Amino acid sequence: MSQDTVTGPNAQVREVYDRLGSLLDRGDDVFVEEGPGLLQAAIAEPGFFDGVEPAPADSDHYTREKVAGAPGRHVIRFMEWPPGYSLVPHEHHGRPCFEVLVDGLLHVVDMTAEQVDEEHYTLSIVDCDVTEPGEAAVVDPRENDIHAVYSPVRSCSLHVYPDDRSFAYGYELDEEASDENDLYRRERFELHDG
């Protein structure tokens with residue numbers, strides 16, 4: 001892909017974007033296995049963050065800024081998470097993606113969903129990781145497609161998605177459902193930009 005079709009703040013970001021695209025062209029497995037290391041190495045290089053800043057997050061919602069992307073292709077986004085913010089358990093459309101924490105601390109909880117009736121699901125925790133600066137968190141649909149994110153402090157992370165979506169499916173706790181287990185409804189929600 002030529003650089004003139006890719007939006008990005010600097011040559012280093014555009015090069016990483018192109019290299020991530022080459023991985024994705026080789027398949028989702030290669031993308032999710034090799035992509036996090038590529039991004040981790042890139043952010044350690046001087047100049048990578050020239051012109052790259054997330055929009056400041058207010059106290060009750062994250063921000064999500066496009067760093068690099070081309071129509072119909074993968075995207076790199078910079079997110080800022082306010083302190084104490086939790087993003088509901090959500091899916092990633094059956095595709096792999098990953099994030100590298102730049103600053104702060106994120107708790108990432110991987111989950112599975114089991115449908116228990118026409119409109120309800122139960123969620124089970126598969127794994128829970130605390131991600132520190134420079135570390136990657138991965139959504140790999142070969143293992144799991146649902147995770148929740150909690151930011152105990154103001155945090156910034158770079159996310160790479162194989163396609164740029166404006167929505168996701170999340171699991172909202174159904175407070176009115178009477179059951180000894182927590183029951184969730186799967187609902188579409190819009191992702192916030194900027």
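The values are calculated or read from the model by the stated rules, or taken from the named source; none is laboratory data. None of these values were measured; they are calculated from a predicted model. In this analysis, Cβ positions are derived from the backbone assuming ideal geometry, glycine residues included, and neighbour counts consider all displayed protein chains. When the accessible area is computed, the model is the full protein with side chains, heavy atoms only, and any ligands, DNA or RNA have been set aside. Shrake-Rupley method; radii C 1.70, N 1.55, O 1.52, S 1.80 Å.
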Return the distance in nm (one decimal) between the two label points of a simple spin-label model at Glu45 and Asp25, each offset 7 Å from Cα along Cα→Cβ.
-> 1.8
Note down the magnitude of the dipole of the range 130-194 about its Cα centre, charges +1 on Lys and Arg C-beta and -1 on Asp and Glu C-beta and zero elsewhere, to the nearest 20 debye.
-> 320
Can you give the helix-only mean residue ellipticity at 222 nm for the chain, where every DSSP H stretch with n ≥ 4 adds -39500 (n - 2.57) and the sum goes over all residues, rounded to the nearest 500 deg cm²/dmol?
-> -5500 deg cm²/dmol
Note the full-extension length gain between Glu172 and Ser86 as 0.36 nm times their separation in residues minus their Cα-Cα distance, in nm to one decimal.
-> 29.7 nm
Between Met111, Phe98, Ala177, whose Cα lies farthest towards the positive end of the dipole of the chain when Lys and Arg beta carbons carry +1 and Asp and Glu beta carbons carry -1, centred on the Cα centre?
-> Phe98
Virtual spin-label span in nm between Glu118 and Glu143, 7 Å along Cα→Cβ = 3.7
To the nearest Å, what is the center-to-center distance of the range 77-120 and the range 149-182, using C-alpha atoms only?
-> 5
Compare Gly37, Gly72, Gly94 in a GNM of the chain, Cα atoms joined below 10 Å, and give the one with the largest fluctuation.
-> Gly72
Quick calc: nm separation of the 7 Å Cα→Cβ label points for Arg188 and Ala55 -> 2.2
Simple Cβ-charge dipole of the range 90-167, Lys/Arg +1 and Asp/Glu -1, about Cα centre, in debye nearest 20 | 300
Heavy-atom accessible area of the chain with neighbours in place, 1.4 angstrom probe: carbon+sulfur share in percent works out to 44
Nearest-0.05 FRET efficiency for Glu65 and His93, computed from C-beta distance (R0 25 Å) = 0.75
Quick calc, the range 1-141, dipole around Cα centre from Cβ unit charges on Lys, Arg (+) and Asp, Glu (-), nearest 20 debye, gives 600
What is the range 14-164 by shape, rounded, prolate or oblate, if you read a ≥ b ≥ c off the alpha carbon gyration tensor as root eigenvalues and call it rounded for a/c under 1.5, prolate for a/b larger than b/c, and oblate otherwise?
-> oblate
Among Asn10, Ala68, Gly27, pick out the residue whose Cα is farthest towards the positive end of the charge dipole of the chain, where Lys and Arg carry +1 and Asp and Glu carry -1 on C-beta, about the Cα centre.
-> Asn10
